[in-house]
1. Test A430 against the stated conditions and say whether it is surrounded by 22 or more Cβ atoms within 10 Å (Cβ to Cβ), within 24 Å of P334 (Cα to Cα), in contact with a Lys or Arg (Cβ under 8 Å, 6 or more places away or on another chain) and not basic (K, R).
2. Of all residues in segment 171-211, how many are modelled with pLDDT under 90 and within 21 Å of Y251 (Cβ to Cβ)?
3. Can you confirm whether segment 118-128 contains a residue that is touching a Phe, Trp or Tyr at 6+ places or on another chain (Cβ under 9 Å) and outside the structural domain of V61 (by TED's automatic domain parsing)?
4. Which number in (1) buried (at least 19 other Cβ atoms within 10 Å of the Cβ); (2) within 23 Å of N610 (Cβ to Cβ); (3) free of Cβ contacts under 8 Å to residues at least 60 places away in the same chain marks the one condition that M173 misses?
5. Among S69, S80, S115, which is the only one that is among the hydroxyl-bearing types (S, T, Y) and at pLDDT below 70?
6. Does segment 603-619 contain at least one residue that is touching a His at 6+ places or on another chain (Cβ under 7 Å) and over 18 Å from Q520 (Cα atoms)?
7. Test S613 against the stated conditions and say whether it is polar (S, T, N, Q) and either touching an Asp or Glu at 6+ places or on another chain (Cβ under 7 Å) or buried (at least 21 other Cβ atoms within 10 Å of the Cβ) (or both).
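The values are calculated or read from the model by the stated rules, or taken from the named source; none is laboratory data. Note that this is a predicted model, so its numbers are computed, not measured. All Cβ positions, glycine included, derive from the backbone under ideal geometry; neighbour counts span all protein chains shown.
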Amino acid sequence: MKIGLYVCSPYSSLVCNCVCVFLQVSRLVILHEEAEDGNAMPDLERPVMAVSRAVTNLVKVGRETINSSDDAILKQDMPSALVRVEGASKFLEEASGMLKVDPYSGPARSAKLNSGDNVSLVSRKKLIEGSRGILQGTSSLLLCFDESEVRKIIRECKRVLDYLAVAEVIETMEDLVQFLKDLSPCLSKVSREVTAREKELTHQVHREILVRCLEQVKTLAPILICSMKIFIHIIGQGGKGVDEAAENRNYLSQRMTDEINEIIRVLQLTTYDEEEWDADNLTVMKKSYNAIEGKIRTAHDWLEDPLALRGGVGEKSVRQILDHAYKVAERSLPHDADTIRKQCSDITTMTDALSMVLSQCVAFYFQAEALSRGIQDKLRDLYTIVNRAVQGVEKSGIQQPAHTVSGRLEQARRWLDNPDRDDKGLGQQAIALIVHEGKKVAEGLPGVHRAEILGLCDEVDILSRQLSDLCRRGHGNSPQAQDIARNLSQRLYDLKDRIQNAVVNRVVEDFIDISTPLKQFTDAVHVPEGTPGREQNFGDKAQQLQHFSTRASKTARMVAAGGSGGNKKLAEALLTSSSQVESLTPQLISAGRIRMNYPESKAADEHFQNLVSQYSDSILRVRSLCDEATESADFIKMSEEQIQKHTILCEESIRKSQPQKMVDNTSSIARLANRVLMVAKQESDNSEDPKFISRVNQASDSLQTCVTPMVQDAKSVAMNMQDHVAISHWKESNRALLSAVSEVRRAVTVTPDLPPPPDMANLHINDDNNVEQYQPSQRYNYFTEKVGQSMRGQPGPGPSPGGTLSPTLGHKSPTMRAVSPLPKWARGDNADLLYHELTSDDDHVDRVERLQSHDLMLTVCATDYAPPRPPLPGGEMAPPRPPPPETDDEDDMFLQAPLPKPTYHGEPTNFLTILAAG
């Protein structure tokens, strides 16, 4: 419930008395809670008397409000709430007297209650019912009063609508002056009251809508008057352009009418379904059920009065109950949904009939009474059915498809990972919604890209149906189903990437320059009379502006469909702004034509400039919303690709000596860089992380310093396409700009992309070919690293004094190995060094492979090779594992907690090396 408290209104005393009653009753509730713990109930005579006095004042002010108001619905609804508050106050007085006799009524006196004394139970019940009745009655009073205030504002808004309806018949300046005199006070009052109302609303979204609509009304009002003045001026002169002027006037009048109607709609709202956009089905159903429960009493109060007026709070409660019931039906199981819809349809028909009867005379009293009884019975049945539907969905565990493409993709992936699992059709629904989203995005793409996405959509749809059919026949775990699931999963990810890339690419391309089409059209309008080709130039620039507006509107709708990320508020704003740009463009062209035909008319020039400002603000808002809906990292990445594309076109224009193309593509590069700067600034402004802000700002500053040198170098190239020095300078500055854009992208990217997985076809468990193909050039060993050449060059003992001086690969027998004299440290002071020096050559080959796999430069020399390792006793089979020791202390090994695994840092190393280190 949304209640606006008008503390500055003439009825502020009513609100103050309601607040006083709330405070007094809340004190009683606290005292009752203390008594529930077994404490003695204090004497409630004074608190209850305070409540009674507050209620008396409230009833008195309420009756004065009724008598002084001219609102028939307020006079009908408020008396019942006053009666309820008075009755509840008497309940409190009776409960106070009874509790004074037995202060320990409650849990502490349960034995006394069992013996037959029900006095305490009745008194406590009266205390609770009295407090509840006062709170509910006071809330009803506030609601009646608040809705009466809203109706006052709506009446003023409708007066403005009545004046706007006669704008089309005004054809003289006298009528226009009178029209302005009548409209101005109404608009001022609406503006004042809507502004006051907006500050009191609790829903931020409603406040923003009211502010935006009111600003639009204030902006459009003088433009409408100016268009009417131009229309009268053209009629008086009998010149050309009457149709364009009438179209401008009618368009602006309709725009103001739409904004006023939107204000009326929002003023009557009490909830906003932004939460329902994000919530799951069960949450929405429970909220709707609670809303029905809160309005059922007010609806029955209205139905119990056969002489009630139509359009009051009671009738609105019935209508709102039906709306909430329809919301429950949309998310219920099929049987419950059909039952709820049928019941709602019957109640709607009967309520319409009752409203019609109530609007006639008292002669239909008995007919109205019969309809009221019938509606009450059906409302009770509907309440029961809705409760049953909520419980049915809760027990079934059915989920709803996600609101974003990524969420739907995750739901589809869970189904595709286990096709034989029954997910109640959620996965297939998610896939169908992804396909629907893809088709909506494809509508705004050019031929080739549209055909690609539509082809993927059709392929995904066919595979989904095939897999669903296999699952229905119980073959969800078959090899065929697994193959289809894998193929479908890959196609879904392809479709998602195509959708996102298409949306981002359109945003980058279409909004790279939003000022040039409007500027060129404005220049064409201001071309002096008598200039050759003036009309042709105007027609060409108007067509270009229309084409740009149409494409920008389509792009905004694409973003709303596939790139808003499930943000309903953003999607609605995109759709509204795109429609506004699309409808405003023809009016701007018409105003431009009038300005061309009447270049001396100040009114025509003022009107044209007003519409230019309107168009500029609208297209800028569309671009800002599209930027907000697009991932910044993806946007910058796509901008970088576009800069590379224009760079290639610049190089081509240099080869072909085309200065104009060089200028055009260089301008595109500069604009793209500026767009990247804008997006980076938005990211920096929206962040609270100092490190992120510093990183982004530093990269942005670097990019900003690269734009001007690149443009200046490109200008030098365009002036002399054969200047190789200037071309070289431009290439360097352009490379610097591309590098700066990459730095901005890396700075904005919070989580970098994962590297691509390795090619599985090139991975083998036992790949001996690589060892055979590798021929080491020099052997790496610890001995040669530690012992100098002079010592290693000394002859050693043995049969081959001229033999090798260190262990090498390829010796046919160990006796042929000659070792140089070892220093003292090598004979025993360093056991690890000797182990590595004298280890087998098989181990050496393993080390070579390990070191080579990590790009380490190895030095190995190969002459002779050591004898091969003898075969295992069991052939290739591993020897049997020895049995565990038969001891009684097996449990002792678990008494000590295992040590944590070591963490390795620094250079990449080999898995076997890690095992050895462990």
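1. So A430 fits the description; yes.
2. So the answer is 1.
3. The answer is no; no qualifying residue exists.
4. So M173 meets the others, but not (1).
5. Details: S69 fails: at pLDDT below 70; S80 fails: at pLDDT below 70.
From the options S69, S80, S115, the qualifying one is S115.
6. Our first condition is that a residue be touching a His at 6+ places or on another chain (Cβ under 7 Å); within segment 603-619, this holds for 603.
This time we only want the ones that are over 18 Å from Q520 (Cα atoms), so: 603.
Yes - at least one qualifying residue is present in segment 603-619.
7. For S613, the condition - polar (S, T, N, Q) and either touching an Asp or Glu at 6+ places or on another chain (Cβ under 7 Å) or buried (at least 21 other Cβ atoms within 10 Å of the Cβ) (or both) - is not met.
A quick yes/no check of all residues on (1) closer than 26 Å to S618 by Cβ; (2) in a helix (DSSP H, G or I); (3) in contact with a Phe, Trp or Tyr (Cβ under 9 Å, 6 or more places away or on another chain):
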residue	(1), (2), (3)
D146	no, yes, yes
E149	no, yes, yes
K152	no, yes, no
D162	no, yes, no
V177	no, yes, no
A196	no, yes, yes
H206	yes, yes, yes
I209	yes, yes, no
E215	yes, yes, no
